[in-house]
Amino acid sequence: RSIKADSSLSLWLVCRTICECDSVEVKGHTGQDITLPCKYDRKYHGALSACWQRGEIPARGCSNQLISTDGLRVETRAPSRYELLGRLEDGDVSLTIKSLTEGDAGRYGCRVRIPGWFNDEKHHIDLACNNCIIMTASTSAHRLTHPLLVVL
């Protein structure tokens, strides 16, 4: 193998170790309830705490936190539109957003706290809003027929 191939493999391994997260795009329509997926292996890990936030997941904890669980029940919640309706006892910490609005579009992060250094599972979900109504400066409304992704 070449030195270049070894360097590329090493860089990939470092990035996977430091940036252990995945990214998924979810599309929804205004007014509907939408669920952003996030699950962990509860049989293997036991009950784990998890949190959801808007934007990128920081190195530690959750900033801009929307909702959190201790693995058994919801501990904190921002507005009541955010709910964990999955089976926590099965490791399903998926976030349900009630009555989607165009302001909900953007990046969300789910962090599952796994004991130990750099073990947390991080999941990024990019929420796109189809057929959202956007108000322009002239206050006329336009219905979008293509997915809209607003990065906040």
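Laboratory data are not the source of any read-out in this text; all were calculated from the coordinates shown. Since this is a predicted model, take the numbers as computed values, not measurements. Note that we place each Cβ from the backbone using ideal geometry, even for glycine, and neighbour counts take in every protein chain shown.
What the table shows:
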read-out	value
Within segment 21-143: Cβ-based charge dipole about Cα centre, in debye rounded to nearest 20 (Lys, Arg +1; Asp, Glu -1)	140 debye
Along each principal axis, Cα extent of segment 21-143, largest first, Å	53, 26, 22
By average C-beta atoms within 10 angstrom, highest first, the peptides 37-46, 105-114	105-114, 37-46
Cβ-defined net charge surrounding TRP52, 11 Å radius [Lys, Arg +1; Asp, Glu -1]	+2
Contour excess over end-to-end distance, with Cα ends at SER80 and GLN32 and 0.36 nm allotted per residue	15.8 nm
Segment LEU72-ASN130, length gained on full extension (0.36 nm per residue, minus Cα span)	17.5 nm
Residue-span extension gain [GLU25 to ASN64] - 0.36 nm each, minus C-alpha spacing	12.0 nm
